[in-house]
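Visitor: Have a look at this one before I ask anything.
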Amino acid sequence: MSQSPVQNIDHFLNYLTYQKRYSPHTVISYKNDLNAFFAFVGQQFGETILPDIKTTFIRSWLAELKQQGMAAKSINRKISALKSFFKYQLRQQTITISPMTAIISPKMSKRLPQFVEKKDMATLLDHVEFPDTWEGKTDRLIVQLFYNTGMRQAELVNLEEINIYTGKGSIKVLGKGNKERIIPVSNQLLKHMQDYMADKKKSINSYDKTFLLVTAAGKKLYPRYVYNSVHKYLGLVTTIEKKSPHVLRHSFATHLMNSGADLNAVKELLGHSSLAATQIYTHNTIEKLKDIHKKAHPKA
């Protein structure tokens, strides 16, 4: 195999796309990180073949990123991209030793995921007036789907009518890495989806018949529409800093955990590949218990 970094990046990205089945967004992120690193190497150390990439090159790049004020989370993502890339090169025998072996990821301060309080979600879904327009009906269903299923934004946008199983009380979504999962839904939410589909046939002359959620023009929803919708309505009931679709996913998981749900069950519902990603929600549960203890115990 050629030792040209550009060619090897292309081979690696093809591997991520067609064998690992990573999402296009993730592949683009890896591509941008790798291109940025090799551009830095070219500027600082001249044209360099892969076996000659040294740990010091990587440390110099990371130091520059830190000096530019890049957050530890972003730096860790770039380290992860390089580790995956050089691990792949080892398997391809393009290199005999990875320059990443001595690279240590910077520690990140643990931030608990923000979530909307139960009472605020109840206010939004039971008392806030959504306009009796197509946009209002769509906005309401967006919020209901996020909060009742914990799905990701991409999963919601790509939810197909054919994957709504009314008889089984469930829906099928396509998650990260093109992994499918089944999510149980309430009869009430099923009814709202059925009403929405019926209204779509009556209200819109021509629309995309594949996807559940569409704009007033009948087009598939796009991420910015969804974000703006959630941000607008969460702003009516909560003062938390973040008001994004992912916050509703956090709210779904946190409220389940606070109500005693099994951690493995929450993991499956969220579509996490490991328990490590789900365990962060136990911290919110512990914080709630601390708060209850502080308020209720005489010696707290």
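The values are calculated or read from the model by the stated rules, or taken from the named source; none is laboratory data. Computed from a predicted structure; not experimentally measured. FYI the Cβ positions are ideal-geometry reconstructions off the backbone, even for glycines, and counts take in every protein chain you see.
Visitor: Determine which single condition GLY260 fails, assuming it passes every other condition in (1) within 19 Å of PRO131 (Cβ to Cβ); (2) part of a loop (DSSP other than H, G, I, E, B).
Guide: (1)
Visitor: A further question on this structure: Tell me yes or no: at least one residue of region 120-129 is among the hydroxyl-bearing types (Ser, Thr, Tyr) and not assigned by TED's automatic domain parsing to the domain that holds SER274.
Guide: No; the residues of region 120-129 include none that is among the hydroxyl-bearing types (Ser, Thr, Tyr) and not assigned by TED's automatic domain parsing to the domain that holds SER274.
Visitor: If you don't mind, there's one more thing I want to ask. Given the conditions (1) within 27 Å of THR254 (Cβ to Cβ); (2) modelled with pLDDT under 95; (3) surrounded by 12 or more Cβ atoms within 10 Å (Cβ to Cβ); (4) out of contact with any His (no Cβ under 8 Å at 6 or more places or on another chain), report the number of the one that LEU124 does not fulfil.
Guide: Result: LEU124 fails condition (2) only.
Visitor: Now, a different point. Those residues that are surrounded by 13 or more Cβ atoms within 10 Å (Cβ to Cβ) and either under 15 Å from PHE115 (Cβ atoms) or not assigned by TED's automatic domain parsing to the domain that holds ASN148 (or both), I need them from region 255-268; list them, please.
Guide: Within region 255-268, HIS255, LEU256, MET257, ASN258, ALA261, VAL266 qualify.
Visitor: Another question, then. What residue, among those in region 198-208 that are loosely packed, with under 13 Cβ neighbours inside 10 Å and part of a loop (DSSP other than H, G, I, E, B), is modelled with the highest pLDDT?
Guide: Checked region 198-208; the qualifying residue modelled with the highest pLDDT is SER206.
Visitor: Can you find, within region 174-190, the residue that is modelled with the highest pLDDT among those that are charged (D, E, K, R) and either closer than 17 Å to LYS220 by Cα or exposed (fewer than 12 other Cβ atoms within 10 Å of the Cβ) (or both)?
Guide: Across region 174-190, the extreme among qualifying residues is GLU180.
Visitor: So the check is Cβ under 7 Å with 6+ separation or different chains; which pairs have a first residue in region 201-220 that's more than 13 Å from ASN158 (Cα to Cα) and assigned by TED's automatic domain parsing to the domain that holds VAL173 and a second one that's modelled with pLDDT of 95 or more and small (Gly, Ala, Ser)?
Guide: Final answer for the pair search is ILE204/GLY218; SER206/GLY218; TYR207/GLY218.
Visitor: Here is a follow-up. Counting only residues that are within 21 Å of the chain's Cα centre (by Cα) and either among the aromatic types (Phe, Trp, Tyr) or closer than 16 Å to GLY175 by Cβ (or both), how many does region 10-26 have?
Guide: The total comes to 8.
Visitor: Mind checking which pairs have a first residue in region 136-162 that is over 15 Å from PRO184 (Cα atoms) and a second that is outside any helix (DSSP H, G or I) and of a type in the set (S, T, N, Q), Cβ under 8 Å, 6 or more apart or different chains?
Guide: THR138/THR215; ALA154/SER23; GLU160/THR210; GLU161/THR210; ILE162/THR210
Visitor: Among the residues in region 245-254, are any assigned to a loop (DSSP other than H, G, I, E, B), touching a Gly at 6+ places or on another chain (Cβ under 8 Å) and of a type in the set (Phe, Trp, Tyr)?
Guide: Within region 245-254, none of the residues are assigned to a loop (DSSP other than H, G, I, E, B), touching a Gly at 6+ places or on another chain (Cβ under 8 Å) and of a type in the set (Phe, Trp, Tyr).
Visitor: Could you please tell me which pairs satisfy a Cβ distance under 8 Å, a separation of 6+ or placement on different chains, a first residue in region 30-50 that is crowded, with 16+ Cβ neighbours inside 10 Å, and a second residue that is β-branched (Val, Ile, Thr) and part of a helix (DSSP H, G or I)?
Guide: Once the first residue is crowded, with 16+ Cβ neighbours inside 10 Å and sits in region 30-50, its partners that are β-branched (Val, Ile, Thr) and part of a helix (DSSP H, G or I) give LYS31/ILE9; LEU34/ILE9; PHE37/ILE58; PHE38/VAL6; PHE38/ILE9; THR48/VAL41.
Visitor: So how many residues does region 107-132 have that are more than 27 Å from LYS172 (Cβ to Cβ), in contact (Cβ under 8 Å) with a residue 40 or more places away in the chain and over 19 Å from the mean Cα position of the chain (by Cα)?
Guide: 5
Visitor: Considering only residues that are crowded, with 20+ Cβ neighbours inside 10 Å and either out of contact with any helix residue (DSSP H, G or I) (no Cβ under 9 Å at 6 or more places or on another chain) or within 22 Å of SER186 (Cβ to Cβ) (or both), which ones fall in region 234-254?
Guide: Matches in region 234-254: LEU234, PRO245, VAL247, LEU248, ARG249, HIS250, SER251, PHE252, ALA253, THR254.
Visitor: Failed condition for TYR227, given (1) in a helix (DSSP H, G or I); (2) in contact (Cβ under 8 Å) with a residue 60 or more places away in the chain; (3) within 19 Å of the chain's Cα centre (by Cα); (4) surrounded by fewer than 14 Cβ atoms within 10 Å (Cβ to Cβ), with all others met?
Guide: Going through the list (1) in a helix (DSSP H, G or I); (2) in contact (Cβ under 8 Å) with a residue 60 or more places away in the chain; (3) within 19 Å of the chain's Cα centre (by Cα); (4) surrounded by fewer than 14 Cβ atoms within 10 Å (Cβ to Cβ), TYR227 breaks only (4).
Visitor: Moving to a separate point now. Restricting attention to region 266-277, and to residues there that are in a helix (DSSP H, G or I) and farther than 14 Å from MET151 by Cα, which single residue is modelled with the highest pLDDT?
Guide: Per the stated criteria, the residue is LEU275.
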